[in-house]
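As structure tokens, the structure follows; a few thoughts come after it.
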Amino acid sequence: MDTLAKLLGGQARIKIMRLFLLNPEQAFEIEDIIGRSRVQRAGTRKEINALLSVDFIKQKTISKEGSRGGKKRVNVWILNSNFQYLNPIKDLLIDPEVIMQDDLVDKLRPIGKVGLMVVAGVFIGRDDSRADLMIVGDRIKRNVLNQVIKSLESEIGKELNYVVFDTEEYMYRLNMYDKLVCDILDYPHIKLFENPKLSTRPSKK
């Protein structure tokens, strides 16, 4: 992401832009932007103003329920669907090769003993996949996995749909032609890592 960061003004801006590009109809408050993109609070307003200045996003003021009852007015921001360079920017920032340029295998290595890692969905530019990521492994550290997923979501700008199976459950589902597993493996996907012991699929009788 370093090259893009230098070109587009920094990693924080790229994360925020991806958030809007992948959620084009959603309006975000500043706390949503900070939380979803995992950017530093101090620079967030500056990035928002920069994107506003070029009409990449639009600002609205809405009324919402206050914590103590009653209504309050808050500012929200939403992608400007009429931004003149929207498609080229989307092609650049949502390009699956750009999203996957950082080695996902290395990023997910600390989560435990992984035997199979399959990516689909956002990682290959498809919006019809059952899952973006499937992991099969044993002794998976769920707390570490959750942190890695949150980090990936902040970089990509989208909540990831992922599934995790231990080896025994995965092999059982595979042999039973489980619909979820079959849908992931029968539709476009990329295997980033695969233990040969998990590569054999039973033949249908």
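Every number in this text was worked out from the coordinates using simple rules, so none of it is lab data. Just so it is clear, the structure is predicted and the values come from calculations on it, not from any experiment. Cβ coordinates were reconstructed from backbone atoms using ideal geometry, including for glycine residues, and neighbour counts include every protein chain displayed.
Is there a residue in the stretch 19-34 that is exposed (fewer than 12 other Cβ atoms within 10 Å of the Cβ), closer than 17 Å to N82 by Cα and small (G, A, S)?
No, the stretch 19-34 contains no residue that is exposed (fewer than 12 other Cβ atoms within 10 Å of the Cβ), closer than 17 Å to N82 by Cα and small (G, A, S).
Out of all the residues in the stretch 142-158, which are free of Cβ contacts under 8 Å to residues at least 24 places away in the same chain and surrounded by 13 or more Cβ atoms within 10 Å (Cβ to Cβ)?
Q147, I149
Taking K46 as the residue in question, decide whether it is more than 22 Å from E153 (Cβ to Cβ) and assigned to a helix (DSSP H, G or I).
Taking the combined requirement at face value, the residue satisfies it.
Need the failing condition index for I89 against (1) on the phi > 0 side of the Ramachandran plot; (2) within 20 Å of the chain's Cα centre (by Cα), just the number.
With respect to (1) on the phi > 0 side of the Ramachandran plot; (2) within 20 Å of the chain's Cα centre (by Cα), I89 is out only on (1).
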